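A.B. asks: Structure incoming, see below.
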Amino acid sequence: MSSPVLSRALEYIRENATEGITVKDVIDTLHVSRRSLEREIRQMLNRSLHEEIIRQRIEHAKRLLAHQDIPIDEVAELSGFSRVERLSVNFRKLEQCTPSAFRRKSRSGSVIGSGL
């Protein structure tokens, strides 16, 4: 069971990840200690606050890649990444493929378990 603070943090991240938020923004908005929130999120999700922000950005990018015909650099910007390289590095890390490859697979119907 997650705490109210953790629930608020995850909601804030979900609603604002594409706006380029940082861990500091989450902490400042919720008026909590970084250490306690980091510990709680790590216990519940087995990842850091920063990793959760990135994960939410990647989920947004996946939706755009699957359903929009916009350039990858625009997908990066709309998903909250400061540069297309940051999208590519993080996308490859989480999805084991490039954004372009994901787009091709999603369009051909071969993406399994992507939540699309």
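Values quoted throughout were computed directly from the atomic coordinates according to the rules given, and no laboratory measurement underlies them. Note that this is a predicted model, so its numbers are computed, not measured. As a convention, Cβ positions derive from the backbone with ideal geometry for all residues, glycine included, and neighbour counts pool all protein chains shown.
A.B. asks: Between D25 and R39, 0.36 nm times their residue separation minus their Cα-Cα distance comes to what?
C.D. replies: Values: separation 14, 0.36 × 14 = 5.04 nm, distance 1.71 nm.
Contour length minus the Cα-Cα distance gives 3.3 nm.
A.B. asks: Next up: Could you pull out every residue, at least 5 positions away or on a different chain, whose amide H is within less than 5 Å of the one on V32? Hs are placed 1.01 Å off N in the peptide plane, and Pro or chain starts have none.
C.D. replies: Under 5 Å from the amide H of V32: no residue qualifies.
A.B. asks: With Cβ to Cβ distances under 13 Å as the rule, what net charge do the other residues near E38 carry (K, R +1; D, E -1)?
C.D. replies: On the way: positive: K24, R34, R35, R39, R42, R47; negative: E40, E51, E52.
For residues surrounding E38, the net value is +3.
A.B. asks: Another question about this same structure. About the Cα centre, and with charges only on the beta carbon of Lys, Arg (+1) and Asp, Glu (-1), how big is the dipole of the stretch 4-108? Nearest 20 debye, please. Could the numbers behind the result be given before it?
C.D. replies: Details: 20 positive and 16 negative charges, 97 e Å.
Here the size comes out at about 460 debye.
A.B. asks: Take every Cα pair under 8 Å in the stretch 4-108 that's 6+ residues apart, average their separations, divide by the length, and report that relative contact order as a whole percent.
C.D. replies: Numbers: 99 pairs, mean separation 27.1, N = 105.
Computed over the stretch 4-108, the figure is 26 percent.
A.B. asks: Over the chain, with a single point scatterer placed on each C-alpha, what log10 of the ratio I(q)/I(0) does the Debye formula yield at q = 0.15, 0.19, 0.22 1/Å?
C.D. replies: For the chain at q = 0.15, 0.19, 0.22 Å⁻¹, log10 I(q)/I(0) is -0.67, -0.96, -1.15.
A.B. asks: Would you mind counting up the charge near F91? Only other residues with Cβ under 10 Å from its Cβ, with Lys and Arg at +1 and Asp and Glu at -1.
C.D. replies: Numbers: positive: R57, K62, R86, R92, K93; negative: E95.
Surrounding charge for F91 is +4.
A.B. asks: Find, among the trypsin sites (Lys or Arg not before Pro) in the stretch 50-95, those assigned to loop by DSSP (not H, G, I, E, B) with at most 13 other beta-carbon atoms within 10 angstrom. List each step's numbers first, then the result.
C.D. replies: Numbers: sites: R55, R57, K62, R63, R83, R86, R92, K93; in loops: R83.
Passing both the DSSP loop test and the Cβ count: R83.
A.B. asks: Also: At a temperature of 10 °C and a viscosity of 1.306 mPa s, determine how fast the stretch 1-42 diffuses translationally according to Stokes-Einstein, using the Kirkwood radius over alpha-carbon pairs as Rh; express D in µm²/s, rounded to the nearest whole number. Before the final figure, lay out the partial values.
C.D. replies: Working: Rh = 10.3 Å.
Estimated via Stokes-Einstein, D reaches 154 µm²/s.
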